[in-house]
Amino acid sequence: MPSPLRRWITVAALTLAATAGLQRPALAQSSSAAPPTVAAAADLKFAVEEVARLFEQRTGHRLRLVFGSSGNFYSQILQGAPFHLFMSADEDFVFRLADAGKTLDRGRLYAYGRIGIIVPKGSRLKADGELKDLAAALKDGRLRKFAIAAPDHAPYGKRAKEALQHAGLWEAIEPRLVYGENIAQTAQFATSGSTEGGIIALSLAKAPQVAALGDFALIPESWHRPLAQRMVLMKDAPEAARQFYAFLSTPEAQAIMVRYGFAMPKE
């Protein structure tokens, strides 16, 4: 049987046609108006869905939410993907799109993320933020497989690699790594029992659906570069997308983000 986590996993390889929009309330716009598409980093899965529901209740505007890896979205936008708002887990992708003339401006920093180690219930590993038990497991044979997001295109995978390098574990653990296409798929790998654990986003670990499946501990933020998360509108963004962009900076929206473990920027 599929794990409970599989129900909400949206792999970055899924196409726009496979994504589901939010349900329309009675006051929503007419059926002839297509909802704007928000391409959001997979660590935002639970937080942004909740913010979007609140936005829809307040305004009547529907949104289509697509979750995946920031690097894949960056490549898709360069190739003309019909996204209207991009919420990246790494601000560098936003800057590169702006330099390529694809965006309205250089966007706005909306949050800072964190990473930590998660181990499934019954794992032979301990959820130890300083990765000492992970190091011991590499030596005593308890560790067979360990999950992180693909570092070549997933920002949370890049930061996981940096943390493992800081701990002096990268070379020893690399042959045993299982790579998720994005951080949501990585959470599935790390909690399903197919690995002994993994490094995932705090924002996912705080979701009840994930918290019920494993134990989590934060990795010191000094062990990796900051996860500075930036969003940006595309040049053709419709009014509903622009309103949602503004709504994400309201106290109501930020309170939801903070509840999922994000730190708010002070700019």
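Please treat every number below as a calculation from the coordinates, not as lab data. On a predicted model such as this, the values are computed, not experimentally measured, just so you know. Counting neighbours? That spans all protein chains shown, and the Cβs are built from the backbone with ideal geometry, glycine included.
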Exercise. Starting from the amide H of G116, placed 1.01 Å from N in the peptide plane, find each other amide H under 5 Å away whose residue is 5 or more places distant or on another chain.
Key: I200, L202, I219
Quiz item: Which is farthest toward the positive dipole end of the range 114-223 among Q165, Q188, V178, measuring Cα position about the Cα centre, with Cβ charges +1 (Lys, Arg) and -1 (Asp, Glu)?
Solution: Q188
Quiz item: Once phi is turned into ³J(HN,Hα) by the Karplus curve 6.51 cos²θ - 1.76 cosθ + 1.60 with θ = phi - 60°, what whole-Hz value does each residue of the range 50-56 show in order, with x for glycine and proline?
Solution: 5, 4, 5, 4, 5, 4, 5
Practice problem: Enumerate the amide H contacts of R230 below 5 Å, restricted to partners 5 or more residues apart or on another chain; note that Pro and chain-start residues carry no placed amide H. | Solution: S88, D90, E91, Y110
Quiz item: Rounded to the nearest 500 deg cm²/dmol, what is the calculated helix-only ellipticity per residue at 222 nm for the chain, with -39500 (n - 2.57) per DSSP H run of length n ≥ 4?
Solution: -9500 deg cm²/dmol
Quiz item: How high is the FRET efficiency from L218 to E239, r the C-beta distance, R0 51 Å, rounded to 0.05?
Solution: 0.85
Self-check item: DSSP bridge pairs, the chain: antiparallel proportion in percent, nearest 5
Solution: 60 percent
